[in-house]
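For reference, the structure discussed in these notes is given below.
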Amino acid sequence: MLFQIIHISGTTIYFVFFILLCWIGSVPRTNPGARWWACAILAAAVSRTLLFALDGAGDPRATLLLYGLFTSLEKTLLAIGVIRFLGLEAGERPVRHAAVLVGGWLAIAWLVPVLPLWTMRAALAVFNASLLAFVAVACLRRRPPDTGPWLTIAALASGLLALHWATAFPLAAAFPRWRVIGLAIGTVLVLLQYLALLAGILRQFQKRLTDAESHALELAYFDPLTGLNNKNYLSKIFEQALMLATRPHHMVAVCYIDLDNFKPINDSAGHKTGDKVLQEVARRLKGCIRSTDISARIGGDEFVVVATQLEQAGQVDRIASKLLDRLRADIQIDGTAYPLGASIGISLYPQHGDTLSSLIDAADEAMYRVKSTRKNGYALYDRPTARPDGAGA
């Protein structure tokens with residue numbers, strides 16, 4: 001009765017694992033090992049079903065042949081799945097050849113009655129134990145870091161199964177009760193093995209989703225050319241900058257930067273050189289702002305710097321002068337010096353607006369006042385004129 005319970009419960013769980021692995025294997029770009037393991041656990045379920053159906057009801061040689069063919073097929077598919085999962089393509093051909101040899105030997109031993117039954121058992125035990133030992137070593141030594149501890153657990157279960165197969169037939173011959181005990185142990189180890197492999201794939205799948213989400217956030221919040229933040233990021237983070245500005249005597253400055261002389265460079269030297277100029281501008285902006293400030297590219301040659309935690313309006317002049325000095329310096333691209341410059345408009349929170357949009361509009365208006373004079377200067381929104389020497393108006 002216990003023998004039947006173990007068979008039925010084990011086979012049922014095998015079929016559940018088969019369905020789960022098939023489902024996971026159907027997900028696009030999932031590691032191909034899942035599909036091979038689905039076939040392997042199905043072969044294990046069929047071998048268990050045959051053993052249960054034919055046990056004690058017919059020729060023991062025929063029973064061992066059918067059981068041996070399906071259980072060796074399961075180990076073959078399991079090993080190939082591990083090879084595909086870990087990218088060990090060189091090991092697949094020897095596994096296939098060994099499977100053909102053991103299958104052929106089982107068939108020959110069944111067709112030639114003079115060959116003793118133990119030769120079939122020995123061939124099956126050696127083959128299965130060898131493949132399980134290979135799976136254990138491969139999972140332990142080549143486990144990907146994105147599978148967590150699960151391939152280590154699979155390696156442990158595979159190693160114990162290899163020992164189980166190496167000793168199962170001699171122990172069953174010496175201790176008849178071992179037939180039931182060994183079946184129970186083998187069932188538990190197989191379930192642990194496939195559960196660990198399944199969990200390893202799910203962990204890898206989770207890592208893939210996490211990386212995809214992180215990449216999507218990068219695309220959403222960063223400019224791919226310069227590596228600076230973009231306007232989406234500014235909109236998201238600006239509320240936090242305003243929270244800092246609610247402290248006593250703190251303010252926020254929005255500096256709208258439009259490059260001077262960029263279009264002639266882009267037209268004469270080409271877009272590739274223009275891209276390099278923009279990348280150099282981004283490096284300069286990163287290098288001259290404080291750790292609490294935010295720099296972003298919001299258009300072709302338009303940038304925004306948000307300066308936070310300012311305690312007095314005089315700091316705005318120092319920040320704008322520093323930005324202007326860095327952007328005025330010639331840019332060296334492939335041995336050629338390109339003169340640049342910038343027109344900067346500045347608005348302050350809360351004096352000139354209480355939203356990012358209103359502050360950018362105010363700073364943009366101030367920037368156009370600079371553009372309309374002599375360029376290469378900066379102006380505060382509520383100041384009527386802009387001096388090109390960068391000293392303010």
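The values are calculated or read from the model by the stated rules, or taken from the named source; none is laboratory data. Values in this document were obtained by computation on a predicted structure and should not be read as measured data. A quick note on method: Cβ atoms are made from the backbone with ideal geometry, for glycine too, and the neighbour counts reach across all protein chains shown. Areas reflect the complete protein model, heavy atoms only, side chains present, ligands, DNA and RNA absent. Shrake-Rupley method; radii C 1.70, N 1.55, O 1.52, S 1.80 Å.
When a 1.4 Å probe is rolled over the protein heavy atoms, the share of accessible surface on the range 91-133 that falls to carbon and sulfur comes to 77 percent.
Determine, for each peptide in 274-285, 165-176, the mean count of other beta carbons within 10 angstrom over its residues, then list the peptides with the highest first.
Numbers: 274-285: 19.0, 165-176: 14.9.
Sorting 274-285, 165-176 by mean packing, highest first, produces 274-285, 165-176.
Computed over the range 123-252, the P(r) tail beyond 21 angstrom holds 62 percent of alpha carbon pairs.
The three principal axes of the C-alpha atoms in the range 238-349 carry coordinate ranges of 50, 23, 21 Å, sorted with the longest axis first. Note on residue 272: accessible area approximately 150 square angstrom, rounded to 10, probe 1.4 Å, nucleic acids and ligands left out.
Within the chain, the whole DSSP H helices whose Cα atoms reach 30 Å or more along their own axis and whose mean Kyte-Doolittle score is at least 0.5 are 2-25, 33-54, 60-86, 117-141, 150-174, 178-221.
Starting from the Kirkwood Rh over alpha-carbon pairs, what translational D in µm² s⁻¹ does the range 174-312 have by Stokes-Einstein at 10 °C and 1.306 mPa s? Intermediate results must be reported in sequence, preceding the final value.
Numbers: Rh = 19.7 Å.
Rounded to a whole number, D works out at 81 µm²/s.
Summing -39500 (n - 2.57) over the DSSP H runs of n ≥ 4 in the chain and dividing by its residue number, what mean residue ellipticity at 222 nm do you reach, to the nearest 500 deg cm²/dmol?
Value at 222 nm, helices only, nearest 500: -23000 deg cm²/dmol.
The length gained on full extension between residue 332 and residue 27, counted as 0.36 nm times the residue separation minus their Cα-Cα distance, comes to 104.9 nm.
Eigenvalues of the alpha-carbon gyration tensor of the range 71-126, scaled by 5 and square-rooted, set the equivalent ellipsoid semi-axes at 27, 10, 7 angstrom, largest first.
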